[in-house]
Structures are given as C-alpha cells and as structure tokens.
Amino acid sequence: IKATFDGFEEGIYYFTDEEDNSFYFETISKQAIAKYNLLNEEFIGETFEITYKIEIKTDEYDEEYEAYAIFKLKLIEQE
C-alpha cells in the first residue's frame, strides 16, 4: 500500500492511505526500522510504500485477532 505516516503512539504505528483508510501496525521489521526510524518525528507526514503481512495473534483472553506487521518500507519522494 501507499500511505502517509501519522505517528507512533503506545506501541502502534499509524498510517493513512490516499482514500483516507487508516492502518495500524503493531510491529515493524528490524530492516525497516533501521532504514527509517519511525520513532523520530521527522517522518510524520511522509508517504511510504509499505509491504506488510498479517499475523494471527492471541490476546489476553485467548481470542485470536489479526495484527498488521510492517515487513518493508520505501520512502516515496515528493515532487
């Protein structure tokens, strides 16, 4: 997907795509965070091409849920 980084809060990475859909990512790969440290506010408002995967996790009530994980990031240069 192509989406704009909205920020990081309470362990979640927030993005919004071109159609105003929100995406919440719980984890990010070591390669992606090494290239783009999203904990640094300089990337807020930047658009990325995001490759992600959906992992099935279990919450504290033993219920399964889908967790989005960033696998790869590529900064899209603004013109």
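The values are calculated or read from the model by the stated rules, or taken from the named source; none is laboratory data. In this text the structure is predicted, and so the values were computed from the model without any measurement. A quick note on method: Cβ atoms are made from the backbone with ideal geometry, for glycine too, and the neighbour counts reach across all protein chains shown. These area figures cover heavy atoms from the full protein model, side chains too; ligands, DNA and RNA do not enter into them. Shrake-Rupley method; radii C 1.70, N 1.55, O 1.52, S 1.80 Å.
Per-residue surface analysis assigns residue 63 an accessible area of about 110 Å², computed on protein heavy atoms at 1.4 Å probe radius.
Contact order normalised by length for the chain, with contacts defined as Cα pairs under 8 Å and 6 or more residues apart; what percent is it? Once normalised by length, the contact order is 31 percent. As a fraction of the 1.4 Å probe accessible area of the chain, surface on carbon and sulfur atoms comes out at 43 percent. Rounded to the nearest 500, the 222 nm mean residue ellipticity of the chain from helices alone is -1500 deg cm²/dmol, with -39,500 (n - 2.57) taken per DSSP H run of at least 4 residues. Distance between the pseudo-spin-label points of residue 22 and residue 1 (7 Å out from Cα toward the beta carbon): 1.2 nm. Solvent-accessible surface of the chain, averaged per residue with a 1.4 angstrom probe and all protein chains in place: 73 square angstrom.
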